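Below you'll find the structure, written out as structure tokens, and then a few comments.
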Amino acid sequence: MNIQQNSCCVDGTFGRGGHSAAILERLGKDGCLIALDKDEQAIVHGKEQFAGEPRLHLHHCSFSRLQDVIEQHGLVRKVNAVLLDLGVSSPQLDDAGRGFSFQLDGPLDMRMDRSSGINAAQWLATAEESEIARVLWEYGEERFSRRIARAIVEQRGTEPLHTTKQLAQLIFRASPVKERHKHPATRSFQAIRIHINRELDDLREGLRQAVEVLAPGGRLVVISFHSLEDRIVKRFMRDMSRGDQLPKGVPVMEKQRKPGILKLVGKLVRAGQQELQQNPRARSAIMRIAKKQA
């Protein structure tokens, strides 16, 4: 993130404040940190954890509203770094009441922001079979998506799905092939969560807005945990770094071409062995970095 003493930084995924705490350690007294999270529990925790910290400004919203928040602070094109740590957080996974984990029995909710939108149980109770199959295939790359969707529709005809255990068991029974070391519900739970929270739509919008609010030389740092997210981030950074793409033969000199808005910084970064020993969930993490051109 290239944090300087007087930097203005954004943590677009506050979670439980781990990244924010590390950023604040590197900021001077004149620095500022604007943190966002769509999970109201994260914001409540943050206000308690960082009570009396004047450099931190917390906002309960998705990073898809990043530009609105930065405009409120009068800092558009003055932000030095934006960090996005995508996906579900460990506290959300470990809380059975949130409904994110197929390993813990709890209500089938899966909403990151429980103050709005329908939960997973409500969606599964009303969605068309073809829509469920599409979500499982597109967002989970689940090869048995149609079979699982059919089983869900048949099940809700007699007894609605209310708990994570019910759904996990249904998917287990509906999956004809079981992979070693991977529960059959893994991909489906990921897909339903992504759909319920509009995660990929929010990501596309958040990336675009991050570039808008960054100052020249400011950095965009994104940590992804699965291929769908990383593909979007990779293509966005690549396209924004290319500048004008003109057909061959167009009589335009190189100096007349509009340069890219972003410049890629280094190669993708993965967690090292020491970090993986401390945090096994980082095994699939990929970090990409880009800098806004002057």
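Kindly provide the Kirkwood hydrodynamic radius of the range 114-196 in Å, to one decimal, from all pairs of distinct alpha carbon atoms.
Details: mean 1/r = 0.0789 Å⁻¹.
The answer is 12.7 Å.
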At q = 0.09, 0.17, 0.18 Å⁻¹, the log10 of I(q)/I(0) for the range 137-294 from a Debye sum over equal Cα scatterers comes to -0.47, -1.06, -1.12
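Please get the size of the charge dipole for the chain, origin at its Cα centre, with Cβ charges of +1 on Lys and Arg and -1 on Asp and Glu, quoted in debye to the nearest 20. Can you show the working numbers first?
Working: 46 positive and 36 negative charges, 277 e Å.
With Lys and Arg at +1 and Asp and Glu at -1, about 1320 debye.
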Can you give me the distance in nm between label points at residue 163 and residue 126, each placed 7 Å from the Cα along the Cα-to-Cβ direction? 2.5 nm
Give, rounded to the nearest 20 debye, the magnitude of the charge dipole that the range 114-196 has about its Cα centre when Lys and Arg contribute +1 at Cβ and Asp and Glu contribute -1 at Cβ. 360 debye
With the calculation restricted to Cα positions, what are the radius of gyration and Dmax of the chain in angstrom? 21.0, 68
Charge dipole of the chain about the Cα centre (unit charges at C-beta), most positive-ward option of 89, 18, 284: 284
Can you give the angle from 0 to 90° between the axis of helix 199-213 and the longest principal axis of the chain, with both taken from C-alpha atoms, to the nearest 10? 10 degrees
Set the bar at 30 Å for Cα to Cα. Now go through 182/263; 234/258; 47/267; 38/258; 182/292 and name every pair that lies beyond it. 182/263; 47/267; 38/258; 182/292
Amide H neighbours of residue 82 under 5 Å, counting only residues 5+ apart in sequence or on other chains, H built in-plane at 1.01 Å? 10, 219, 220, 221
If the range 1-101 were replaced by its equivalent ellipsoid, with semi-axes equal to the square roots of 5 times the Cα gyration tensor eigenvalues, what would those be, largest first, whole Å? 23, 15, 12
Any idea how far apart residue 258 and residue 198 come out in nm if each label point goes 7 Å out from Cα toward Cβ? 2.8 nm
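First select every other residue whose beta carbon is under 10 angstrom from the beta carbon of residue 291; then total the charges, Lys and Arg +1, Asp and Glu -1. Mind showing how you got there, number by number?
Values: positive: 219, 263, 292; negative: none.
Local net charge: +3.
If you take every DSSP beta bridge whose two residues both sit in the chain, what share of them, in percent to the nearest 5, is antiparallel? Mind showing how you got there, number by number?
Details: 12 of 30 bridges.
The antiparallel fraction comes to roughly 40 percent.
Bear in mind these aren't lab numbers, they're just calculated from the coordinates by the rules spelled out. As the structure is a computational prediction, the values presented were derived from the model and not from experiment. FYI the Cβ positions are ideal-geometry reconstructions off the backbone, even for glycines, and counts take in every protein chain you see.
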